[in-house]
Number of protein chains: 2
Amino acid sequence: MKIALIQQSYKGTKEAMVADSVAKIKEAAKAGSKLIVLQELHQSEYFCQSEDTKFFDYAKSFNKDVEFWAALSKELDIVLVTSLFEYRAAGLYHNTAVVFDSGKVAGKYRKMHIPDDPGFYEKFYFTPGDLGFKPIDTSVGRLGVLICWDQWFPEAARVMALKGAEVLIYPTAIGWFDQDSKEEKQRQLDAWITIQRSHAIANGVPLISCNRCGFESDNSGVIDGIRFWGNSFVVGAQGEFLAKAGEDEEIITLELDLNRTKEVRDIWPFFRDRRVEYYKDLEHIYCD
Amino acid sequence: MKIALIQQSYKGTKEAMVADSVAKIKEAAKAGSKLIVLQELHQSEYFCQSEDTKFFDYAKSFNKDVEFWAALSKELDIVLVTSLFEYRAAGLYHNTAVVFDSGKVAGKYRKMHIPDDPGFYEKFYFTPGDLGFKPIDTSVGRLGVLICWDQWFPEAARVMALKGAEVLIYPTAIGWFDQDSKEEKQRQLDAWITIQRSHAIANGVPLISCNRCGFESDNSGVIDGIRFWGNSFVVGAQGEFLAKAGEDEEIITLELDLNRTKEVRDIWPFFRDRRVEYYKDLEHIYCD
């Protein structure tokens, strides 16, 4: 299966962003990609840098956005993983990955783990998902779609794998603060790559992570802004790198073999040996 | 806190192994180490390469072994993490880490996840632990001691951290088969390092992994033998390397700061955001 990841910087408006995505999706589809993954909240800037009710307007078009990407996936006969701002009811919004399969909505995943840190005020915008960790069946396989902050939680990846996800997919938007030291930046990037690779290893599945790139300033002035670090990557079922982007705009395309999972799990049979009767404490926030 | 890891190759007899360990422990203690970690089953060869009842004799001395290492920890006033073959009852044995604190048994951990693969026939020797994942309190801190195969299971590290473990410690015995390709060997070593680093990252705690080194032949002839890959290492609470051994015998010593955990968890507040109400599926072997 040929796949593509589209790593983009913000173009100033939603119209420009969508036009850029469409052009790149068409290019990737033309080159034979059947599964195309976009970055987190790819239609706009990463607006969670500040808390401002005006940004809820972005979610107004959710139904139209769904129709738009559905139509594109139909035109190109592809599976497309998008990341949209979902309006569910007045004052109730989600950070939602919608997966399209040749014109149909194959399924959606509402981001379960929501961050909230200076520059990443997501708890203001997004209600934590209530759909749980359910893989989405498509014509290219059963996709374990998770979003950004989810990537730090081994539980999320594990549940997806236990439910048969054949590949883990993370649209994401993560970057550096310019004022951090070079060493701290390296630790952060390295930790981000390492923990995602570990989900591939622990579960014997390949993993796709599509990140944003470029600098976006914080107009509220709380911080200077975020320098999204790119570095989108794909690893195989042993966590080995299959492809990795740099810090600038890039389209990654590669052949991904979902059949290696059986081979890897047969030699590394972690699923055989889990001690589920001793995992109850995982359901506690803390054991004190 | 100064700590030491002792990475050893097999010396031909239990007496020679113990003498070598004692000499190195004394050297590390003299240099100021307060916490000293030994590799998995450090008293003998890695006997699980074949299934042979004669090796159960190694466990006969379990009580005497405990007395021996207790006395050494008292003499040197150290916390010592050992890895012993525990005789519990006729036909019932465990792979057990016993932690000593200046002459006292601070606690023990019975390996919970037991591998069984060609060259690693541990299910023949060891009943899976029944003590669960409980950190051990010592004068140097609360230690999350796990053993080898446990390192592939994020659940084990997480439960230890939820119970307040301040550092994760893995005595281990893992290596290559000579007939594997260079690429496969690299993938295996890299995966082993990556998944352990990820436990440090996910839980915001430092991690110590002490592995065996050197070649041990398989006298049963099923395989040639195992080339234990050394590479013992210590990472900090962001998964960053603090020390790493090569493939030969080595004593790693370093200063480890357990107080960084609060600092790291305050900026990476993964514990704040876990969705425990959606983690019930982790208690299933598979969700089909």
- Item | Pairs with Cβ under 6 Å, 6+ apart, first in the range A:273-288 and more than 13 Å from B:Arg158 (Cα to Cα), second at pLDDT 95 or above and exposed (fewer than 14 other Cβ atoms within 10 Å of the Cβ) | A:Val276/B:Ile285
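Being more than 12 Å from every other protein chain (Cβ to nearest Cβ) and within 19 Å of A:Met1 (Cβ to Cβ): is that true of A:Leu80 here?
yes
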- Task: Take the range B:150-160 and flag every residue that is under 14 Å from B:Gly129 (Cβ atoms) and either at the interface with another protein chain (Cβ under 7 Å from one of its Cβ atoms) or acidic (Asp, Glu) (or both).
- Result: B:Asp150, B:Phe153, B:Glu155, B:Val159
- Restricting the range B:166-184 to residues that are more than 13 Å from chain A (Cβ to nearest Cβ) and small (Gly, Ala, Ser), which is nearest to the chain's Cα centre (by Cα)? B:Ala173
- Query: Listed residues A:Val105, A:Val99; which is β-branched (Val, Ile, Thr), in contact with a Leu (Cβ under 7 Å, 6 or more places away or on another chain) and touching a residue at least 24 places away in the same chain (Cβ under 8 Å)?
  - Reply: A:Val99
- Report, by residue number, each residue of the range B:135-146 that is touching a Gly at 6+ places or on another chain (Cβ under 9 Å), within 13 Å of chain A (Cβ to nearest Cβ) and within 22 Å of A:Ala202 (Cβ to Cβ). B:Pro135, B:Gly144
- Per the list (1) of a type in the set (A, V, I, L, M, F, W, C); (2) part of a loop (DSSP other than H, G, I, E, B); (3) crowded, with 17+ Cβ neighbours inside 10 Å, residue check on A:Phe228 breaks on (2)
- Expected single match for without any contact (Cβ under 8 Å) to a residue 12 or more places away in the chain, over 16 Å from A:Ile78 (Cβ atoms) and within 10 Å of chain B (Cβ to nearest Cβ) among A:Lys163, A:Lys123 is A:Lys123
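Given A:Ala165, A:Ala157, which one is at pLDDT 95 or above, among the small types (Gly, Ala, Ser) and touching a Pro at 6+ places or on another chain (Cβ under 6 Å)? Before you say what the answer is, go through the steps one by one.
On the way: A:Ala157 fails: touching a Pro at 6+ places or on another chain (Cβ under 6 Å).
Exactly one residue qualifies, and that residue is A:Ala165.
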- Item | Members of the range B:236-272 found to be more than 30 Å from A:Gly132 (Cα to Cα), in a loop (DSSP other than H, G, I, E, B) and either free of Cβ contacts under 8 Å to residues at least 24 places away in the same chain or of a type in the set (D, E, K, R) (or both), listed by number | B:Glu240, B:Gly246, B:Glu247, B:Asp248, B:Glu249, B:Asp257, B:Asn259
- Using the structure shown, decide if A:Trp176 is over 21 Å from B:Glu155 (Cα atoms) and among the aromatic types (Phe, Trp, Tyr). yes
- Message: Can you pull out every residue in the range B:175-232 that is in contact with a Lys or Arg (Cβ under 6 Å, 6 or more places away or on another chain) and aromatic (Phe, Trp, Tyr)?
- Response: B:Trp176, B:Phe215, B:Phe228
- Item | Boolean, A:Ile208 is in a strand (DSSP E or B), among the β-branched types (Val, Ile, Thr) and either over 30 Å from A:Lys163 (Cβ atoms) or more than 9 Å from chain B (Cβ to nearest Cβ) (or both) | yes
- By my count, strands (runs of 3 or more DSSP E) wholly in the range A:120-204 with at least 3 residues that are closer than 22 Å to A:Val235 by Cα and open to solvent by less than 20 Å² (accessible area, probe 1.4 Å) are A:141-145, A:167-172
- Residues in the range B:250-272: is at least one more than 14 Å from chain A (Cβ to nearest Cβ), surrounded by fewer than 17 Cβ atoms within 10 Å (Cβ to Cβ) and among the acidic types (Asp, Glu)? yes
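The values are calculated or read from the model by the stated rules, or taken from the named source; none is laboratory data. The structure presented is a predicted model; accordingly, all values stated were derived computationally and were not measured. Neighbour counts are summed over all protein chains in view; Cβ atoms, including those assigned to glycine, are modelled from backbone coordinates with ideal geometry. Areas reflect the complete protein model, heavy atoms only, side chains present, ligands, DNA and RNA absent. Shrake-Rupley method; radii C 1.70, N 1.55, O 1.52, S 1.80 Å.
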